[in-house]
Structure formats: structure tokens, C-alpha cells
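Accompanying notes for the structure given below.
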Amino acid sequence: MSGSSAGLKPPADAVKPVRHPDAPAPGELLGAHYEHCFGCGHEQSHGLHLEARAGEGVSLTAEFTVQPAHQGAPGLAHGGVLATALDETLGSLNWLLRTIAVTGRLETDFVRPVPVGTTLYLEAEVTAVAGRKIYSTATGRIDGSDGPVAVRADALFVEVAVEHFVNNGRKEEIRAAMSEPDQIRRARAFEVNP
């Protein structure tokens with residue numbers, strides 16, 4: 001992304017990201033990290049229902065189709081919805097590291113309008129890790145992986161302990177997520193939101 005702020009440039013001592021040995025295999029659908037997530041959850045009637053698939057290394061692809069409920073200007077996706085899609089995609093990368101992290105900074109370039117009915121194809125990768133900081137980038141293209149670029153983003157995620165969510169989230173939702181018997185689903189519920 002051109003013109004990224006200094007806060008999104010990895011420091012000189014940053015290291016190449018390493019995919020966790022238990023990360024989903026390339027091509028595997030990641031599924032919703034939390035069913036009530038606006039970005040990927042299937043319990044949100046007007047959510048994005050974004051679906052992400054693991055890629056090679058610490059990368060993934062994702063897609064969602066812009067619905068009428070996602071528009072800002074008549075017939076066009078709201079910029080905030082597009083930023084949400086990028087944030088959700090970038091946040092999903094952390095599952096390949098098996099790290100619980102929150103968005104620290106997200107810078108988005110809106111390159112062209114995205115009409116309602118368009119499927120946005122997103123590609124993302126972690127570019128560097130420095131301590132608790134995870135640097136990543138994503139690109140969204142219209143109607144195919146080789147379509148015109150519509151949006152781009154660079155992000156900084158910060159690793160946190162699960163207590164971050166326990167101490168700051170609504171108690172009812174936290175209790176419900178913590179009582180999930182499936183350990184992987186329980187861990188994923190806390191993976192991306194600030």
C-alpha cells in the first residue's frame with residue numbers, strides 16, 4: 001500500500017512469520033471464529049458472512065458478496081463495510097499463527113467503487129512479526145482473483161491474552177463463549193476484535 005504510516009512499517013528486528021504446525025491446511029475453510037461476528041458469523045442476518053480459506057505460508061483468501069444491506073451510496077458498498085471485510089480477513093490470519101490478537105491499526109485505500117451484488121475476493125498475508133506485533137497486508141478485487149483492485153489495507157495486530165476479552169466484553173456473551181465444549185471453537189471466539 002502506498003503511503004502507509006510509519007506505525008505500519010515493521011521494525012528492523014522483525015522476523016518472518018511462521019505458520020503454526022496446527023494451523024488449518026492450505027485450502028481448508030476456516031469457518032466463523034464466532035457465530036455472532038458481523039464479519040464472518042452466520043447468526044448475523046445482515047453480516048458479511050465472509051468465508052476465508054487458509055493459503056500457503058501465513059496467507060489466506062476470502063470472499064463475500066455485497067448485499068443491499070451493505071450499501072452506503074445507492075447501489076454501492078459502504079466504505080465502512082469494505083474496511084470491515086479487510087479487517088476480518090486480516091484478523092483471520094492470526095488463526096494461522098494460533099495467536100489471539102486485536103486490531104491495533106488499519107489503513108485502507110479505497111481504489112474503486114464496489115457495486116451491490118459484487119463478490120469481493122480478498123488475499124491477505126502476514127508480512128512480519130516483532131514481539132507482540134503482527135504486520136499484515138490485504139487486497140480486495142472485484143469479481144475474481146484477477147479482477148480490478150477495489151480496496152487495499154495494511155494492518156498492525158497486537159497479541160493479547162484471553163483476559164482482554166473476559167475483562168472488556170459483555171458478561172453474557174463471554175460466559176456463553178467460554179462454556180463452548182469444543183476447545184478450538186472456544187479459542188477462536190476470541191481471536192480478532194479490539
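The values are calculated or read from the model by the stated rules, or taken from the named source; none is laboratory data. Computed from a predicted structure; not experimentally measured. All Cβ positions, even for glycine, are placed from backbone atoms using ideal geometry, and neighbour counts span all protein chains on display. Protein only, heavy atoms only, side chains kept; ligands, DNA and RNA dropped before computing areas. Shrake-Rupley method; radii C 1.70, N 1.55, O 1.52, S 1.80 Å.
Counting only strands (runs of 3 or more DSSP E) that sit completely within segment 59-155, those holding 1 or more residues that are without any contact (Cβ under 8 Å) to a residue 60 or more places away in the chain, within 17 Å of Leu8 (Cα to Cα) and not polar (S, T, N, Q) correspond to 101-110, 133-142.
Can you tell me which of Ser136, Ser92 is touching a His at 6+ places or on another chain (Cβ under 8 Å) and among the hydroxyl-bearing types (Ser, Thr, Tyr)? Talk me through it step by step, then tell me what you get.
Working: Ser136 fails: touching a His at 6+ places or on another chain (Cβ under 8 Å).
One residue alone meets the criteria, Ser92.
The rows are residues; the columns are (1) open to solvent by 30 Å² or more (accessible area, probe 1.4 Å); (2) touching a Phe, Trp or Tyr at 6+ places or on another chain (Cβ under 8 Å).
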{"position": "Leu90", "(1), (2)": "no, yes"}
{"position": "Leu96", "(1), (2)": "no, no"}
{"position": "Thr108", "(1), (2)": "yes, no"}
{"position": "Val111", "(1), (2)": "yes, no"}
{"position": "Pro115", "(1), (2)": "yes, no"}
{"position": "Ser136", "(1), (2)": "no, yes"}
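Being at positive phi and either at pLDDT 80 or above or open to solvent by less than 40 Å² (accessible area, probe 1.4 Å) (or both) is true for just one of Gly72, Gly27, Gly39, Gly47. Which residue is that?
Values: Gly72 fails: at positive phi; Gly39 fails: at positive phi; Gly47 fails: at positive phi.
Just one listed residue meets the conditions, Gly27.
Going residue by residue through segment 156-163, is there one that turns out to be within 18 Å of the chain's Cα centre (by Cα), open to solvent by less than 10 Å² (accessible area, probe 1.4 Å) and touching a residue at least 24 places away in the same chain (Cβ under 8 Å)? Yes; the residues of segment 156-163 include at least one that is within 18 Å of the chain's Cα centre (by Cα), open to solvent by less than 10 Å² (accessible area, probe 1.4 Å) and touching a residue at least 24 places away in the same chain (Cβ under 8 Å). Restrict the check to segment 96-114 and report whether at least one residue is within 23 Å of Asp146 (Cα to Cα) and at pLDDT below 95. Within segment 96-114 (the criterion being within 23 Å of Asp146 (Cα to Cα) and at pLDDT below 95), the answer is no, since none of the residues qualifies.
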